[in-house]
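> Dumping the structure here so I can ask a few things about it.
The values are calculated or read from the model by the stated rules, or taken from the named source; none is laboratory data. Note that the structure is predicted; figures quoted are calculated from it, not measured. Glycine also receives a Cβ, built like all others from the backbone with ideal geometry; neighbour counts cover every protein chain displayed. Surface accessibility is based on the protein's heavy atoms, side chains included, excluding ligands, DNA and RNA. Shrake-Rupley method; radii C 1.70, N 1.55, O 1.52, S 1.80 Å.
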Amino acid sequence: MRILLVEDDQQTAAFILQGLKTAGYQVVHAKDGEEGLHYASSESFELAVVDIMLPVIDGLSMIDRLRRQQVKLPVIILSAKSSLEDRVAGLQKGGDDYLVKPFAFTELLARIQAMLRRSSRSEDAGILTVGDLNLDPLKRKVTRQGDEIFLPTGEFLLLEYLMRNSGRVVSKTMIIENVWDFSFEPGTNVIEARVSRLRSKIDRPYAKKLLHTVRGFGYVIEDKD
């Protein structure tokens with residue numbers, strides 16, 4: 001499996017490169033955001049590990065450009081910024097996980113393995129359908145009324161989880177535990193923000209709404225009569 005590492009600090013990069021190669025991954029290293037954007041846009045990778053504080057183009061801007069280009073590559077963000085606001089900003093820009101520096105390599109490796117499992121777990125599954133909304137896990141394709149809907153990895157995995165639990169109310173904690181692998185803090189609005197973005201794509205342009213908020217409990221996707 002190929003992983004893209006975008007990290008300008010030589011010591012940190014060497015530490016991660018050695019660990020990933022020892023774990024059996026092929027790693028391409030980019031030293032700034034512009035180089036990382038080029039690699040991610042033009043070559044095939046299973047996952048990217050991206051630092052925020054990068055020269056030329058910062059990490060969040062790089063991720064934002066990838067999502068605007070409809071690149072679905074899963075991204076784990078590395079950052080020395082540990083505040084809740086920074087983590088929320090990283091995920092809202094299109095990151096799929098957020099790891100604060102300094103970190104143990106074993107934790108990074110566990111995050112990578114978990115992300116890869118979530119990204120590939122449905123390859124043999126059939127198409128999921130709720131009303132006129134369809135999700136193909138194998139082709140990683142979402143359509144509604146014949147319109148193809150682009151979703152970055154985080155939103156795709158969220159929709160897949162909701163559709164696999166169609167008709168069942170799932171809480172924010174359940175979503176965090178099954179879609180993302182990072183510590184959940186009750187005061188965060190990460191889930192609300194991600195659900196809002198998902199709803200704007202799969203529901204807002206259409207007359208019938210499928211994704212519903214159950215106040216005080218969570219969310220449910222279903223085709224109500």
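> When you check Ser61 against the structure, is it in contact (Cβ under 8 Å) with a residue 24 or more places away in the chain, open to solvent by 50 Å² or more (accessible area, probe 1.4 Å) and not acidic (Asp, Glu), yes or no?
Spelling it out, it is not the case that Ser61 is in contact (Cβ under 8 Å) with a residue 24 or more places away in the chain, open to solvent by 50 Å² or more (accessible area, probe 1.4 Å) and not acidic (Asp, Glu).
> Among what's in region 72-89 and is of a type outside the set (D, E, K, R) and in contact with a helix residue (DSSP H, G or I) (Cβ under 6 Å, 6 or more places away or on another chain), pick the residue that is nearest to Ile112 (Cα to Cα).
Ile76
> Evaluate the following for Glu107: is it part of a helix (DSSP H, G or I), of a type in the set (D, E, K, R), at pLDDT 90 or above and open to solvent by 50 Å² or more (accessible area, probe 1.4 Å)?
Criteria met by Glu107.
> Something else: Is it the case that Leu133 is crowded, with 17+ Cβ neighbours inside 10 Å and touching a helix residue (DSSP H, G or I) at 6+ places or on another chain (Cβ under 7 Å)?
Criteria met by Leu133.
> Is it the case that some residue within region 75-86 is more than 17 Å from Ile176 (Cα to Cα) and surrounded by 22 or more Cβ atoms within 10 Å (Cβ to Cβ)?
Scanning region 75-86 turns up at least one residue that is more than 17 Å from Ile176 (Cα to Cα) and surrounded by 22 or more Cβ atoms within 10 Å (Cβ to Cβ).
> So in region 76-88, with the set limited to residues that are part of a strand (DSSP E or B) and not β-branched (Val, Ile, Thr), which one is nearest to Lys141 (Cα to Cα)?
Restricting to residues being part of a strand (DSSP E or B) and not β-branched (Val, Ile, Thr), the top hit is Leu78.
> From Gln26, Gln18, Gln11, Gln92, which residue is open to solvent by 40 Å² or more (accessible area, probe 1.4 Å) and closer than 23 Å to Glu192 by Cβ?
When all the criteria are applied, what remains is Gln92.
> Considering only region 90-104, state which residues are in contact with a helix residue (DSSP H, G or I) (Cβ under 7 Å, 6 or more places away or on another chain) and either part of a helix (DSSP H, G or I) or over 17 Å from Met115 (Cβ atoms) (or both).
Answer for region 90-104, where residues must be in contact with a helix residue (DSSP H, G or I) (Cβ under 7 Å, 6 or more places away or on another chain) and either part of a helix (DSSP H, G or I) or over 17 Å from Met115 (Cβ atoms) (or both): Gly90, Leu91, Gln92.
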